[in-house]
């Protein structure tokens, strides 16, 4: 009963009325942005899937560095799908190269990791959709080829997998993104479901939703859900965020909070809003 009560608190014990945000500015110029992240200093990191680049810019839209280009060598990409900032590292899921690449905060290459050709099927992954890490430095990779999450320790040693065919009612069917809470819970956007595990792979809950999720993020202590058309703060049973006198002309990819402002990523720009 505790796990269902926990999910109830997360999804329903927040106001159900729409929150109104007013437009401030748009920054960036991307071709087909797929994801973004922000570090504590306010630098934003964006993956541009069409350009196969990572872009670092500040909250004023000034570009500080770009790296990438199509390829399979270090610092090159073939469809970077997600980006995550952890400690001093920027973690990028390099989808078609079946690997994870790590960079420092200035986008200097640090290392890469792949395991698709492993003889141990339990440890291998392909077409990674997302990668993140916890406070202990463990890595969690959303393996779309096998529809599961694989956990490795900070030395790259396999720990375990979860969410696969043996997960029962919590088996993943169409995972797209995941995020981790400060207390180590893994939230996975799985089509029209939200699936939650702890960092040891124990299932907590699965909730059916009214919309298909494109992303889920923890940012500045706020759990943010996005679909292609809308942004939701903390709950899925409420009205979406209302954007005053603003209409999106491209699909929403992701959203996050920084310094009490809501940043919404679309294919070609980041739109910045303030609560009205």
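The values are calculated or read from the model by the stated rules, or taken from the named source; none is laboratory data. Everything numeric here is computed off the predicted structure, so don't read it as measured data. Quick reminder, even Gly has a Cβ in these numbers, built from the backbone with ideal geometry, and neighbours come from all protein chains shown.
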- Message: Looking at the structure I just gave you, is residue 174 modelled with pLDDT of 95 or more and either over 17 Å from the mean Cα position of the chain (by Cα) or within 20 Å of residue 227 (Cα to Cα) (or both)?
- Response: no
- Query: Across region 120-155, what is the number of residues that are out of contact with any helix residue (DSSP H, G or I) (no Cβ under 9 Å at 6 or more places or on another chain) and part of a strand (DSSP E or B)?
  - Reply: 15
- Query: Of the residues 125, 155, 113, which is more than 20 Å from the chain's Cα centre (by Cα) and either free of Cβ contacts under 8 Å to residues at least 12 places away in the same chain or over 29 Å from residue 29 (Cβ atoms) (or both)?
  - Reply: 155
- Message: Condition check: touching a residue at least 60 places away in the same chain (Cβ under 8 Å), in contact with a strand residue (DSSP E or B) (Cβ under 6 Å, 6 or more places away or on another chain) and within 17 Å of residue 141 (Cβ to Cβ). Does residue 93 satisfy that?
- Response: no
- Out of all the residues in region 221-245, which are in contact with a strand residue (DSSP E or B) (Cβ under 9 Å, 6 or more places away or on another chain), surrounded by fewer than 15 Cβ atoms within 10 Å (Cβ to Cβ) and either closer than 17 Å to residue 132 by Cβ or in contact (Cβ under 8 Å) with a residue 40 or more places away in the chain (or both)? 221, 222, 239, 244, 245
- Message: Taking the criterion of being in a strand (DSSP E or B) and within 19 Å of the chain's Cα centre (by Cα), would at least one residue in region 163-171 satisfy it?
- Response: no
- Message: If I ask for residues that are within 15 Å of residue 177 (Cα to Cα), in contact with a strand residue (DSSP E or B) (Cβ under 7 Å, 6 or more places away or on another chain) and either at pLDDT below 90 or not in a strand (DSSP E or B) (or both), which ones from region 195-217 would you list?
- Response: 213, 214
